[in-house]
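Asker: One structure, pasted below without further comment.
The values are calculated or read from the model by the stated rules, or taken from the named source; none is laboratory data. The model shown is predicted, which means the values in this text are computed figures rather than measured ones. Please note: Cβ atoms are built from the backbone with ideal geometry, for glycine as well, and neighbour counts cover all protein chains shown. Areas reflect the complete protein model, heavy atoms only, side chains present, ligands, DNA and RNA absent. Shrake-Rupley method; radii C 1.70, N 1.55, O 1.52, S 1.80 Å.
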Amino acid sequence: FFTTLNDGSKTIDEVERNITRVIGLDDSNDLYFRTLADTNRAAMVNLLQSQGLSQDELRQRFQTTLIQAVNNAQQAINLNKEAPANWITLGLIYELLVPIGVVGAPEQAEATYKKAFELSPKNPAILVDLARLSFTKGDTPAARSYLEEALSLKVDYTTALFMLAQIDLAAGDTKQAINRAEQAILLTSNDPGAHFQLGFLRYRTSDFRG
């Protein structure tokens, strides 16, 4: 049932109940608590997008779910401090709080991502997490630096290339943005998502034939 959130076959509540039952049978596996924390985070996203709730009810439910998410992620870390994925899960929870202005969230997210990278220094995906966080905070130079470092670890990392392309586009450098997207196409010519990204960039520059 760990994949049911992604394939849509079960609701968040159903997945949460299943994982909680498993933890009731075995509370020594960090994967279970990490998965429960991911489920809590998905519930937080849903609450942020929900309509029809009063501000007080929304605030109360969000705070309750946030506490559960942090506690479950922290329990996963307590069970296995050497697993980068546990620290990343906690970082993603804190990162979710950054756009809504929670004090201390950016620093907490950055610290946990950096701990994950300390445990897995050859993983470019963590540098992308740090870049995304930096961009969300408005620190574009730091985001660019993290993405370039990610590409130094994995030259064909298209996720980093497209993020750099988005930064270039936001800075008004559409030519460089398209160059990066074209580079990504050369690296992953069979990836339809890469072709779509390049097409979207060309659309943004009114290159409709392209």
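Asker: Mind listing whichever residues of the range 28-68 are modelled with pLDDT of 95 or more, closer than 17 Å to Ala105 by Cα and over 15 Å from the mean Cα position of the chain (by Cα)?
Answerer: Phe62, Gln63, Thr64, Thr65, Leu66, Ile67, Gln68
Asker: I would also like to ask the following. When residues of the range 78-89 are filtered for being surrounded by 15 or more Cβ atoms within 10 Å (Cβ to Cβ) and in a helix (DSSP H, G or I), how many remain?
Answerer: 7
Asker: Within the range 59-68, does at least one residue satisfy the condition of being out of contact with any Asp or Glu (no Cβ under 9 Å at 6 or more places or on another chain), farther than 29 Å from Phe135 by Cβ and not β-branched (Val, Ile, Thr)?
Answerer: Yes.
Asker: If we keep just the residues of the range 162-210 that are part of a helix (DSSP H, G or I) and in contact with a Gly (Cβ under 8 Å, 6 or more places away or on another chain), which is modelled with the highest pLDDT?
Answerer: My answer is Gly199.
Asker: May I pose another question? Could you figure out which of (1) outside any helix (DSSP H, G or I); (2) buried (at least 17 other Cβ atoms within 10 Å of the Cβ); (3) not aromatic (Phe, Trp, Tyr) isn't true of Ala116?
Answerer: (1)
Asker: Something else about it: Scan the range 36-58 for residues that are assigned to a helix (DSSP H, G or I) and either of a type in the set (S, T, N, Q) or over 20 Å from Asn18 (Cβ atoms) (or both) and jot them down.
Answerer: Those that are assigned to a helix (DSSP H, G or I) and either of a type in the set (S, T, N, Q) or over 20 Å from Asn18 (Cβ atoms) (or both): Thr39, Asn40, Asn46, Leu47, Leu48, Gln49, Gln55, Asp56, Glu57, Leu58.
Asker: Can you tell me which condition Arg61 does not meet? The list is (1) in contact with a helix residue (DSSP H, G or I) (Cβ under 7 Å, 6 or more places away or on another chain); (2) outside any helix (DSSP H, G or I); (3) among the charged types (D, E, K, R), and all the others hold.
Answerer: Arg61 satisfies all of (1) in contact with a helix residue (DSSP H, G or I) (Cβ under 7 Å, 6 or more places away or on another chain); (2) outside any helix (DSSP H, G or I); (3) among the charged types (D, E, K, R) except (2).
Asker: Pairs under 7 Å by beta carbon, first residue more than 21 Å from Gly101 (Cα to Cα) in the range 112-139, partner surrounded by fewer than 20 Cβ atoms within 10 Å (Cβ to Cβ) and of a type in the set (Lys, Arg), six or more apart or different chains?
Answerer: That search, which allows pairs on different chains as well, returns Pro124/Lys154.
Asker: What pairs come up if the first residue lies in the range 25-36 and is surrounded by fewer than 16 Cβ atoms within 10 Å (Cβ to Cβ), the second is at pLDDT 95 or above and hydroxyl-bearing (Ser, Thr, Tyr), and their beta carbons are under 9 Å apart, counting only those six or more places apart or on different chains?
Answerer: Asp26/Tyr32
Asker: Also, I was wondering about something else. So how many residues does the range 153-210 have that are among the aliphatic types (A, V, I, L, M) and open to solvent by 60 Å² or more (accessible area, probe 1.4 Å)?
Answerer: The number of residues fulfilling the criteria is 6.
Asker: Restrict the check to the range 13-26 and report whether at least one residue is at pLDDT 95 or above, among the acidic types (Asp, Glu) and out of contact with any Lys or Arg (no Cβ under 6 Å at 6 or more places or on another chain).
Answerer: No, there is no match, as no residue in the range 13-26 is at pLDDT 95 or above, among the acidic types (Asp, Glu) and out of contact with any Lys or Arg (no Cβ under 6 Å at 6 or more places or on another chain).
Asker: Oh, and also: Restricting to the range 59-77, name every residue that is open to solvent by less than 80 Å² (accessible area, probe 1.4 Å) and over 22 Å from Arg17 (Cβ atoms).
Answerer: Ile77, the sole residue that qualifies.
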